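The values are calculated or read from the model by the stated rules, or taken from the named source; none is laboratory data. These numbers were taken from a predicted model, which means no experiment stands behind them. No Cβ is skipped: glycine too gets one built from the backbone with ideal geometry, and neighbour counts run over all protein chains shown. SASA here: full protein model, heavy atoms, side chains in, ligands and nucleic acids out. Shrake-Rupley method; radii C 1.70, N 1.55, O 1.52, S 1.80 Å.
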Amino acid sequence: MRRLSLIMLFLTATLVVTARPVLHDLNVDVVLTAKGHARITETRQMTIDDEGTECYIIMGNLKGMSRVASLRVSDETGTVYDFEPGDWDTDRSRSAKANRCGIHRTDNGCELCWGIGASGERIYKVEYVVTNVLKGYDDADGFNFMFVAQGMRQKPQHAKVTIRREDGKPITDEVADIWGFRHNGNIHFADGTIVDETTEPFQDESAMIIVCRFNKGEFTPEDTVADSFESVIEEAKKDSNYDDNPDDEDDNMLLALLGTVGFGAGYVAWRKYKQKKLRKSLLGDEKLLPWYRDTPVNGELLKANAIMKALYGGITSGSGNLMSALILRLIYQKVITITMAPYGRNNEPRKMLSIKKPGAGIYDYNSQDERLRHEVHQLLYDAAGDDHILQPKELKRYIQKNAEDLQPLVRLLDTSIPSKDIVGEDARAVVGLKKFLKEFTLTNERHVEEVSLWKEYLVFATLFGIGDQVRKDMAQMCPEYMEMDNVAKAMMNGTDEGMLFNSLMLTSASTSSIVSQSMRSKGSGGSTSFGGGGGFSGGGSGGGVR
């Protein structure tokens, strides 16, 4: 029944999109010249039916010395369209406009137009120049430009903007800062370019606005503005989530996700279908999957987490659970212990966390898992300061202050495994252990046989996000184990030790979000903001087939 519902969803989405012209894919390639001009090439992969006579791109709101300098259009057959000088006549038939292009002047700028020609699967390559996109400011050079307009008649199912330099010099985080607005996607530095790519189909309010700041000396712009580029950034960030805290950002992303309809729902359903198909191939019938009672994948939490992400997505496993599991393992290794230390204005003795100095003999680096555990240990030790006594607020402040240096750790936490590289035996072991832990009370093992294995159960239960449940099950089935395991007992009973451990795990679990939010707000790339983008030039509202 569920499979039938999924098929109906795809059929409905297909009927919606095939009834009208469709913009399947939009790629915008931008080449910045030394003087700040932009040579732009748009490649539009479309399905054309009998509707309309022409395609058009809105190019309005040009500021300062900016203007559209040229237009060239070609299609998948290699035909180069004839350019018509003067004002493009929009009131003509499809046949009269076929293989022709031109510029239609408007009160707010212009429209780049071309005849759509024959129906079917079409690819249009549109090349034009916008002068003085990048402008010189008192403190930097940069732009706030709308590369894909809002309110297009045919909303792109996928869009990507790539920005490069004409002189071939790489654009990196060292020379530039970047922000993306008005769409759900990711903007980042890649292979010496800036890449902004959507992660969801366009909505009614979607557009692609990019703000980019370059260090002085990278360009010699012809158009200069007697102002600070910081004011441009501040204007663009208004009503965005760039300066929100990570929790607010997650809420905004959830609202944006809930607001996505049509293709967005189809994409989510398709992704879930692919994950279900992968689980079927690796696990067989999940209901019949046997328990796994040993430590899977040689105890490698990073690998287990990556497998769970591939099979179930980020909902059931993420860097937060992974960090908490790593912390718990460090606690069991007695790298993190409880000590009495002065605290507050009166320096009254209080139970605090002591972090042991990372030693050369603790980690052998035989795996990425060992390297990650060392990085987390080092983070806690550095955050604790000279006295090696860590307070939760001290950790959060350290993460915020040193976000840039912690990016390698965040990337390591987010390690993924391509589905083709997942071994079925590993997948069955990881999922089989989670199934065993969730059904723990169904076992007949009511005595402590291998304490070390039960500790690993708690570590992996934390990775799976079911640590609280498993601790309660252990206490119910084997009270003597809880008396022996002071860590599990403290975390379940809410003692001072348990509160400290839980606080540490919760704070450290947000490391990835704190670092990512801090760096993206500073312009190092990351998720884009659906709101904001004010003060832009170029673009406008409209475009598509008419």
Q: Scan around Gly525 for amide H atoms under 5 Å from its own, H built in the peptide plane at 1.01 Å from N, and keep only partners 5 or more places away or cross-chain.
A: Ile178
Q. Can you run phi through the Karplus equation (6.51, -1.76, 1.60; θ = phi - 60°) for the stretch 278-293 and list ³J(HN,Hα) in whole Hz, with x for Gly and Pro?
A. 5, 4, 4, 6, 9, 10, x, 7, 4, 5, 9, 5, x, 4, 10, 9
Q. How much area per residue is accessible in the stretch 328-477 when the probe is 1.4 Å and only protein heavy atoms are counted (Å²)?
A. 54 Å²
**Q.** Inter-label distance for Gln476 and Lys351, nm, one decimal - labels placed 7 Å from Cα along Cα-to-Cβ
**A.** 2.6 nm
Q: Give the value in nm², to one decimal: projected area of the alpha carbon convex hull of the stretch 33-86, averaged over all directions.
A: 5.9 nm²
Q | Proximal charge balance of Lys35 [Cβ under 10 Å; K/R count +1, D/E count -1] | A | -3
Q) If R0 is 30 Å, what FRET efficiency do you get for Glu234 and Ala69 from their C-beta distance, rounded to 0.05? A) 0.50
Q. Using a ≥ b ≥ c from the Cα gyration tensor of the stretch 435-529 (square roots of the eigenvalues), is it rounded, prolate or oblate, where a/c under 1.5 gives rounded and otherwise the larger of a/b and b/c decides, a/b for prolate?
A. prolate
Q. Could you give the length gained on full extension between Gln368 and Phe83, defined as 0.36 nm per residue of separation minus the Cα-Cα distance, in nm?
A. 96.9 nm
Q: On a 0 to 90° scale, report how tilted helix 424-438 is relative to the longest principal axis of the chain, with both axes built from alpha carbons and the result rounded to the nearest 10.
A: 60 degrees
Q. Round to a whole number: what % of the accessible area of the chain belongs to carbon and sulfur, probe 1.4 Å?
A. 50 percent
(Q) Starting from 0.36 nm per residue, how many nanometres of slack lie between Gln400 and Lys277 once their C-alpha separation is accounted for? (A) 40.3 nm
Q) Taking only C-alpha pairs under 8 Å that are 6+ residues apart, what is the relative contact order of the stretch 333-421 in percent? A) 21 percent
Q | Per-residue HN-Hα couplings for the stretch 144-149 [Karplus 6.51, -1.76, 1.60; θ = phi - 60°; Hz; x = Gly/Pro] | A | 10, 10, 8, 8, 10, 6
Q.
If you filter the stretch 91-180 for trypsin sites (Lys or Arg not before Pro), then keep DSSP loop positions with at most 14 other Cβ within 10 Å, what is left?
A. Arg92
Q) If one takes the longest principal axis of the Cα atoms in the chain, at what angle in degrees, from 0 to 90 and to the nearest 10, does the Cα axis of helix 511-522 lie? A) 30 degrees
Q. Given H placed on each backbone N at 1.01 Å, which residues far from Gly185 in sequence or on other chains put an amide H within less than 5 Å of it?
A. Thr199, Thr528
Q. Measuring from centroid to centroid over Cα atoms, what is the spacing of the stretch 64-103 and the stretch 409-442 in Å?
A. 55 Å
Q | For the stretch 206-213, 3J(HN,Hα) per residue [Karplus equation, 6.51 cos²θ - 1.76 cosθ + 1.60, θ = phi - 60°, Hz, x = Gly/Pro] | A | 6, 7, 10, 10, 10, 10, 9, 10
Q) For Ala341, what is the net charge nearby, where nearby means another residue's Cβ is under 11 Å from its Cβ and Lys, Arg count +1, Asp, Glu -1? A) 0
Q. What whole-number value in Å² describes the accessible area per residue of the stretch 183-231 for a 1.4 Å probe?
A. 40 Å²
Q: Let me have the 222 nm mean residue ellipticity of the chain computed from DSSP H runs of 4+ only, each contributing -39500 (n - 2.57), with the sum over all residues rounded to the nearest 500.
A: -11500 deg cm²/dmol
Q | Nearest-ten-degree value, helix 2-18 long axis tilted from longest Cα axis of the chain | A | 20 degrees
**Q.** Long-range amide H partners of Ala159 with built H, under 5 Å
**A.** Leu26, Thr198
Q: Can you give me the P(r) profile for the chain? Cα pairs, bins 10 angstrom wide beginning at 0, each as a whole percent.
A: 3, 15, 22, 21, 17, 12, 7, 3, 0
